[in-house]
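*Asks:* Got a structure for you, written out below as structure tokens; questions coming shortly.
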Amino acid sequence: MGGIGKTQIALKFTEEVSKQYCHIFWVDATDKDTISASLTGLSSIPEAKNAALDKNAESVLNWIGNL
């Protein structure tokens, strides 16, 4: 379903709600591997490093759930 404006809708939504949330994370949900890689990549942002996360998707999801 390429070219129907999904990214533009997501960007507009993010712009409109950005003041309501302290974090907005972009996760590539193409398939299981990219979801896992995106979540694992989030473990390297400063706030996640300060939380001493394990570098795995489950640890990152738990952290996000507690924000």
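The values are calculated or read from the model by the stated rules, or taken from the named source; none is laboratory data. The structure displayed is predicted, hence computed values, not measured ones. Virtual Cβ from ideal backbone geometry, glycine too; neighbours counted across all protein chains shown. Ligands, DNA and RNA are excluded from the accessible area calculation, which covers all protein heavy atoms including side chains. Shrake-Rupley method; radii C 1.70, N 1.55, O 1.52, S 1.80 Å.
*Asks:* With every protein chain present, what is the per residue accessible area of the chain (1.4 Å probe, Å²)?
*Replies:* Per-residue value: 79 Å².
*Asks:* Taking 0.36 nm per residue of sequence separation and subtracting the Cα-Cα distance, how much length would be gained by fully extending the chain between N50 and C22, in nm to one decimal?
*Replies:* Net length gain for the segment: 8.5 nm.
*Asks:* Excluding G5 itself, what net charge comes from residues whose Cβ is under 15 Å from its Cβ, given Lys and Arg +1 and Asp and Glu -1?
*Replies:* Charge balance in the 15 Å sphere: +1.
*Asks:* Continuing with this model, one more query. Restricting to DSSP H runs of at least four residues, report the calculated mean residue ellipticity at 222 nm for the chain, -39500 (n - 2.57) per run over all residues, nearest 500 deg cm²/dmol.
*Replies:* Calculated at 222 nm, the ellipticity per residue is -16000 deg cm²/dmol.
*Asks:* Calculate the all-directions average of the projected area of region 22-65's alpha-carbon convex hull, and give it in nm².
*Replies:* 2.9 nm²
*Asks:* Still on this structure, I have one more. At a 1.4 Å probe, what is the % contribution of carbon and sulfur to the accessible area of the chain?
*Replies:* Of all accessible area on the chain, carbon and sulfur atoms account for 55 percent.
*Asks:* Excluding same-chain residues fewer than 8 positions from K6, which aspartates and glutamates have a Cα within less than 20 Å of its Cα?
*Replies:* Result set, ordered by chain and number: E15, E16, D28, D31.
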